[in-house]
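The values are calculated or read from the model by the stated rules, or taken from the named source; none is laboratory data. Small disclaimer: the values here were computed from a predicted structure and weren't measured. Virtual Cβ from ideal backbone geometry, glycine too; neighbours counted across all protein chains shown. Accessible surface areas use protein heavy atoms only, side chains included; no ligands, DNA or RNA. Shrake-Rupley method; radii C 1.70, N 1.55, O 1.52, S 1.80 Å.
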Amino acid sequence: MEVKQQRPLTVEEWAAEGMELLKYYEKGPWPSHVSELKKTKYPIEAYAAGLAARKTMWAAGSAKIRYVYTGFIARRTRDGKISELHFRVWQPSGYLYSTEKLKKLIEFTEKYGLGLIELAGQQGQMIISIRPEVADEAVDYLRDVVGTDVGATGDTIREIAACVGPALCEYSLYDTLEARDKFLTHPKIYEWMSNQLFPFKFKAKFSGCPFDCTRAVHRADFGFIGVWEGAPEVDQEAFRRKVEAGEVDPEKLAANCPSGAITWDNERKELRIDGTRCKKSMHCIRTAFPAIKPGKNRKIAIVVGGHVKGRFGGKMGKPLAVVNSVDEAMDWVVKTVESWMEHMEKGVVKHKDRIGDFIMKVGFKKYVNEILGLKEVGKPSLHPSLRAGAVLDDEERKMYAAWASKIVEEVFGRRA
């Protein structure tokens, strides 16, 4: 028996079938994304066709914008009838907008785009779909009227993220918003933002406290994390009131300290924290705030080389230094990036090597001493998120082994 093969459906036929499916999503008591999309210039037929075919109707496209080398991605439908550009647009620090700026953005999307804005969380960029024929004019409007720019695609600066810092968070130990603004306006950073010069992408993150809400330790080539020196500040009277009210169990609080730095004197009703042992986990502060606050001597910890995806697997950022301001670290950032690019020209660094991969190849000691010109401290990170699977080079393995042996010798009086 001869089996007759069915003719594959065209995009138009898939779209017709999909439009019937979309009617279902407009029913019910809840707001419908389909109804909202129909109010915009979004090609709803392409969405419907993809829904019916159970695969996207979009394919990679190509585009050219005058004097722009990063910040846009082109795509087209599989039949080539519809094209659009995705602009990646830089957002203000902390994603804090004035009403006036929001109005300008809406005017921009209506004039040059589809009337839609996608807010991407981890990337930290806005994604705005633009009509390709007005792309040159759209970039000029973004820069001259809205006051921002496109960027963050390809082998360039991909993300400069900051937590909301002092704008909304009581735990913030430095002004992350101002720090990000200063970082972005540094002459070298500003130069690199508009070009694809790097071996791979570069990210910087600014976290106001050790909670590290931007995940600088895990995802930033350069991370700036607010810390303090010594012990947290304890208001004994306020803490006793919390204990009497049943809000805090002091013995449980002490037991949960990851480094055992906390002790509770039940007779005197006093909480003591040993600053030399405190690892800045923030557990006691979160539990008893504001009776327990970060210490007054506040600093910024610099970590370098963290990323999730890289040639040699995910890496945590390595502790580099503790500084008083981000300005002190900008020379290290420039030296690191320039050396990263120079080593690509020499063939040491390959395409898709992140800064963490580069440091692993040249060695952390050489990176610190020769590239940055610093004296290595040699103290490993005690960040609580250190986990199995972290990639360590030979130097780091020896450093951790020596550190562990020293602890065993101090505690048990013998070498490991």
Loop-located GluC sites (Glu not before Pro) in the range 199-293 whose Cβ has at most 10 other Cβ within 10 Å (DSSP): E267
Taking the Cα centre of the chain as the origin, how large is its charge dipole in debye, to the nearest 20, when only Lys and Arg (+1) and Asp and Glu (-1) carry charge on their Cβ atoms? 960 debye
Provide the per-residue ³J(HN,Hα) series for the range 192-205, in order, calculated from phi with Karplus coefficients 6.51, -1.76, 1.60 and θ = phi - 60°, each as a whole number of Hz, with x at glycine and proline positions. 6, 4, 9, 9, 10, 10, 8, x, 7, 6, 10, 10, 10, 9
Probe 1.4 Å, all protein chains present, accessible-area order of R241, R268, R215, largest first: R268, R241, R215
Starting at the first residue of the range 94-108, write each ³J(HN,Hα) from the Karplus equation 6.51 cos²θ - 1.76 cosθ + 1.60 with θ = phi - 60°, in whole Hz, x for Gly and Pro. x, 6, 9, 10, 7, 4, 4, 5, 4, 4, 5, 5, 5, 4, 5
Check: the range 12-58 dipole with +1 on Lys, Arg Cβ and -1 on Asp, Glu Cβ, in debye: 220 debye
When the charge dipole of the chain is computed with +1 at the Cβ of Lys and Arg and -1 at the Cβ of Asp and Glu, the Cα pointing farthest to the positive end, of V334, V322, A49, is that of A49
Relative contact order (%) - criterion: Cα under 8 Å, at least six apart; region: the chain: 10 percent
How far apart, in nm, are two points set 7 Å out from the Cα along the Cα-to-Cβ line at N266 and at V322? 3.4 nm
Report the local net charge at P232: Lys and Arg +1, Asp and Glu -1, summed over other residues whose C-beta lies under 13 Å from its C-beta. +4
How far, in nm, would the chain grow between S32 and D155 when pulled straight, counting 0.36 nm per residue and subtracting the alpha carbon separation? 40.5 nm
Of all chymotrypsin sites (Phe, Trp or Tyr not before Pro) in the range 54-86, which ones are in loop regions per DSSP and have a Cβ with at most 15 other Cβ atoms within 10 Å? Y67, Y69
What FRET efficiency do you get for K335 and E133 if R0 is 41 Å and r is their Cβ-Cβ distance, rounded to the nearest 0.05? 0.45
For A321, list long-range residues whose amide hydrogen, built 1.01 Å from N in the peptide plane, is under 5 Å from its own amide hydrogen. I302
Under the Karplus relation 6.51 cos²θ - 1.76 cosθ + 1.60, θ = phi - 60°, what is the ordered set of whole-Hz ³J(HN,Hα) values for the range 237-253, x standing for Gly and Pro? 5, 5, 5, 4, 5, 5, 5, 5, 7, x, 7, 9, 9, x, 5, 5, 4
Whole-number accessible area per residue in Å² for the chain, which is evaluated in the context of all protein chains at 1.4 Å: 54 Å²
Taking the Cα-to-Cβ direction at T56 and at Y97 and moving 7 Å from each Cα, how far apart do the two end points lie in nm? 2.4 nm
With an 8 Å cut-off on Cα pairs and a minimum separation of 6 or more residues, tell me the relative contact order of the range 231-291 in percent. 39 percent
Using Cα atoms only, what is the angle between the long axis of helix 11-24 and the major principal axis of the chain, expressed in degrees (0 to 90) to the nearest 10? 60 degrees
Protein accessible area in the chain, 1.4 Å probe - carbon and sulfur %: 52 percent
Report the full-extension gain for the segment K366 to V164: residue separation times 0.36 nm, less the Cα-Cα distance, to one decimal in nm. 69.2 nm
Using alpha carbons only, how many degrees (0 to 90, rounded to 10) separate the axis of helix 330-345 from the longest principal axis of the chain? 60 degrees
At 7 Å along the Cα-to-beta-carbon direction for both I407 and Y67, put a label point, then send me their distance in nm to one decimal. 5.6 nm
List the trypsin sites (Lys or Arg not before Pro) within the range 51-142 that DSSP assigns to loop and that have no more than 15 neighbouring Cβ atoms inside 10 Å. R54, K55, K64, R66, K81
